[in-house]
Amino acid sequence: MGRAVVTGGAGFLGSHLCERLLNDGDEVICLDNFLTGTPRNIERLIGRDGFQFLKVDVTEFIHVPGPVDSVLHFASPASPIDYLQLPIETLKVGSIGTLHAIGLAKEKNARFLIASTSETYGDPKVHPQPETYWGHVNPVGPRGVYDEAKRFAEAMTMAYRRYHDVNTAIVRIFNTHGPFMRPNDGRAIPNFIRQALRNEPITVAGDGTQTRSIQYVDDLVEGVVRLLRCDHSGPVNIGNPHEVSMLELAETIRDLCGSTSETAFIPRPEDDPTIRQPDIALARQVLGWEPKVVLEEGLGHTIDYFRSHPEVLDA
């Protein structure tokens, strides 16, 4: 169908996206420097017709020979444990990395799709969050390095669309899980699964009443591809509007794992959002998209992945 460049293609989401594009018949050039991604995530893709991997830091100049039809910028540390340990790198990939990725799209006359995040809404004062909501973000807090990097990336994308006529799209991704997540990446679902499978206490931040909206990776990838294949500029929320508290999520995972883990409450991180739920009316309207995988089914797939890859669980 075309030739796609995926930055961060060896990350959790990037690797699933590379696989889907290959399955759709695209050639895929995967760029990654393994800052938070891992070669393990793309082992299944190496050697497939149409797949090429280049070890590249997108904060350096990007050169891809030949024609390119689409550039999908998914490179970024994406979990709190990563971007709190890698604050400068997170800011650089959202700013300089976006500049280089969208510059490649401009050079190749390609469609550019930026992976933004529900974190652009911060700790929201509007619920659920529509794309028209500007957000409530603390730029000087520890999470600001990620939130503001993504908000800057959106602004850069729109500037190139307005002033250079680049064909762009922005997807705002809500909490996503699935195979190839790192169990030690600090996010709630891999943490809870790892602890439950080991019958260790499941550590829930605060009193557990804060909410998230959880989607399975296959649903996310479907939404991203639909946005890529149309001409809508976004931003478009891609997330599951089924809202769940962190305590309920921990208990669901414990039950699905058949675990004897108890619940242990730990302090909430600074600027941890209290609520999170996407308004997906726009995705339904322009993409004909809505999530198909229910919470328990998706969690079952992710748990099965960790169970069947003990070497990943112990990493």
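The values are calculated or read from the model by the stated rules, or taken from the named source; none is laboratory data. This one's a predicted model, so the numbers in the text were calculated from it and none came from an experiment. We place every Cβ from the backbone using ideal geometry, glycine too, and count neighbours over all the protein chains shown.
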Notebook entry, point to check: Considering only residues of the range 148-197 that are basic (Lys, Arg) and modelled with pLDDT of 95 or more, which is nearest to ARG226 (Cα to Cα)?
Noted result: ARG172
Check: For the range 276-290, what are the residues that are buried (at least 19 other Cβ atoms within 10 Å of the Cβ) and β-branched (Val, Ile, Thr)?
Finding: ILE280
Note to self: Going through LEU256, LEU227, LEU197 one at a time, which residue ends up being touching a Phe, Trp or Tyr at 6+ places or on another chain (Cβ under 9 Å), among the aliphatic types (A, V, I, L, M), in contact (Cβ under 8 Å) with a residue 24 or more places away in the chain and not assigned by TED's automatic domain parsing to the domain that holds ALA78?
What the structure shows: LEU197
Notebook entry, point to check: Counting only residues that are more than 21 Å from the chain's Cα centre (by Cα) and at pLDDT 95 or above, how many does the range 260-285 have?
Noted result: 1
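Residue-wise test of (1) of a type in the set (D, E, K, R); (2) in the same structural domain as PRO80 (by TED's automatic domain parsing); (3) over 12 Å from THR157 (Cβ atoms).
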residue: LEU99; (1), (2), (3): no, yes, no
residue: GLU107; (1), (2), (3): yes, yes, yes
residue: PHE112; (1), (2), (3): no, yes, no
residue: SER118; (1), (2), (3): no, yes, yes
residue: PRO124; (1), (2), (3): no, yes, yes
residue: PRO130; (1), (2), (3): no, yes, yes
Note to self: Being buried (at least 17 other Cβ atoms within 10 Å of the Cβ), over 18 Å from the mean Cα position of the chain (by Cα) and closer than 30 Å to HIS242 by Cβ is the requirement here; does PRO77 meet it?
What the structure shows: no
Next item on the list: Consider LYS125 carefully, then state whether it is of a type in the set (Lys, Arg), part of a loop (DSSP other than H, G, I, E, B) and surrounded by fewer than 23 Cβ atoms within 10 Å (Cβ to Cβ).
Entry: yes
Next item on the list: Report the residue count in the range 1-27 for those that are touching a Lys or Arg at 6+ places or on another chain (Cβ under 8 Å) and outside any helix (DSSP H, G or I).
Entry: 2
Item checked: Only one of ASP165, ASP123 that is among the acidic types (Asp, Glu) and within 26 Å of GLU89 (Cβ to Cβ) -> ASP123
Margin query: So GLY298 passes all but one of these: (1) surrounded by fewer than 17 Cβ atoms within 10 Å (Cβ to Cβ); (2) at pLDDT 95 or above. Which condition number does it fail?
Written below: (1)
Check: Within the range 77-100, is even one residue touching a strand residue (DSSP E or B) at 6+ places or on another chain (Cβ under 7 Å) and among the hydrophobic types (A, V, I, L, M, F, W, C)?
Finding: no
Next item on the list: May I ask you to list the residues in the range 47-62 that are assigned to a loop (DSSP other than H, G, I, E, B) and of a type outside the set (Asp, Glu)?
Entry: GLY47, ARG48, GLY50, VAL56, VAL58, THR59, PHE61, ILE62
Margin query: Can you tell me which condition LYS106 does not meet? The list is (1) touching a helix residue (DSSP H, G or I) at 6+ places or on another chain (Cβ under 6 Å); (2) in a helix (DSSP H, G or I); (3) crowded, with 21+ Cβ neighbours inside 10 Å, and all the others hold.
Written below: (3)
